[in-house]
Amino acid sequence: MKVVIQKIDKSREEQVVIQCYRITEEIEDIKQFIHTRGSVLEVFDESKRVYIVVSDIYYIEAVDERVFVYLEEAVYEIKSKLYEFEEKYMGIQFFRCSKQNIINLLKVINIKPAMNGRFLAELSNGEKVIISRKYVPDFRKKLKGETR
Amino acid sequence: MSFKEFGYKLFIQFLVLVTCISIAMGVLGLIFDAERQFGYGAHFAPIIYAAMAVIIQLITYSKKEMSVRRVIVSKVIKFIAYAGVLLIMNMGVPGVTIVHKIVLVVSIPVVAVAVTLLTWIIDKHKAKELKKDLDIFKSRVSAEL
């Protein structure tokens, strides 16, 4: 596949155009990758609007109808629901690990048992996120590349 | 876990417990005290024991995923509650001495700790495998990126 990169003026919006004969799984992967890697996410620091790179997210947590994204040190709120984020960005690196959390697998440095068949994902910023027992089989499949 | 899911899980546990307690009472009774006669009231014993076990679980219900520390605290609370309920239920039973009661109270945490330790060892092994898979996953994704 031929790759063409054009530099554009800052006044124009960045975009990726894929020209293909048909939409295959590889094309879907590329689309998902662009969504995850390249995209920025609108988040809120109290009432201030901020833009962050999606791949910088360590994990996302839903707390009482509100959804927060955790970066290395900062925490922001997003206005979308957890399942909406899941649908949009659940490509290569994000995984729904419990009812409340989605983790960035590339930020996980260790996995430990957490009692009752659950596991604890240790992130590179020192935070720990529970992988619920219900999600462990999917977690294994995801790591083995059996699911997207 | 939502309360609806939790309630359903408890209901299934209740049915399983009633069955298991009935079988245990029947088999142990035939082995150790085959001559004893019971009234119709005895049929309620497995239901009461199973209900007690299920009700105790309600004490430590949490809608959110509990931290390891909270799981340990909830387990300790459950041990105390189970021991208390069993002691109260055996209060008026003839032939149950203080030694029996001590054995009963001690055996609950001993069994619970043994089961927890065993599952911890199994989970530790699983965690090691998952970590290995994670490292492979990360190197694969890094290569793709």
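Considering only residues that are part of a helix (DSSP H, G or I) and over 15 Å from A:Ser55 (Cα atoms), which ones fall in segment A:69-126?
A:Leu82, A:Tyr83, A:Glu84, A:Glu87
With the condition kept exactly as written, say whether any residue in segment B:15-33 is surrounded by 14 or more Cβ atoms within 10 Å (Cβ to Cβ) and either touching a Cys at 6+ places or on another chain (Cβ under 7 Å) or not in a helix (DSSP H, G or I) (or both).
Scanning segment B:15-33, I find no residue that is surrounded by 14 or more Cβ atoms within 10 Å (Cβ to Cβ) and either touching a Cys at 6+ places or on another chain (Cβ under 7 Å) or not in a helix (DSSP H, G or I) (or both), so the answer is no.
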Out of B:Ala42, B:Ala83, B:Ala24, B:Ala50, I need the residue that is more than 14 Å from chain A (Cβ to nearest Cβ), in contact (Cβ under 8 Å) with a residue 24 or more places away in the chain and farther than 19 Å from B:Gly7 by Cα. Which one? B:Ala83
Which residue pairs have Cβ atoms under 6 Å apart, sit 6 or more places apart or on different chains, and have a first residue in segment A:131-144 that is facing chain B (nearest Cβ under 10 Å) and a second that is surrounded by fewer than 19 Cβ atoms within 10 Å (Cβ to Cβ) and of a type in the set (Gly, Ala, Ser)? A:Arg133/A:Gly117
Qualifying positions in segment A:100-130 - within 22 Å of A:Val69 (Cα to Cα), at the interface with chain B (Cβ under 7 Å from one of its Cβ atoms) and out of contact with any strand residue (DSSP E or B) (no Cβ under 7 Å at 6 or more places or on another chain): A:Leu106
Mind listing just one residue for me: the one in segment B:92-145 that is under 19 Å from B:Lys78 (Cα atoms) and touching a Leu at 6+ places or on another chain (Cβ under 9 Å) and, of those, nearest to the other protein chains (Cβ to nearest Cβ)? B:Ile108
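Where a number appears in this text, it was derived from the coordinates with a stated rule and is not lab data. Because the structure is predicted, anything quoted here is derived from the model rather than measured. Glycine gets a Cβ as well: all are built from the backbone with ideal geometry, and neighbour counts include every protein chain shown.
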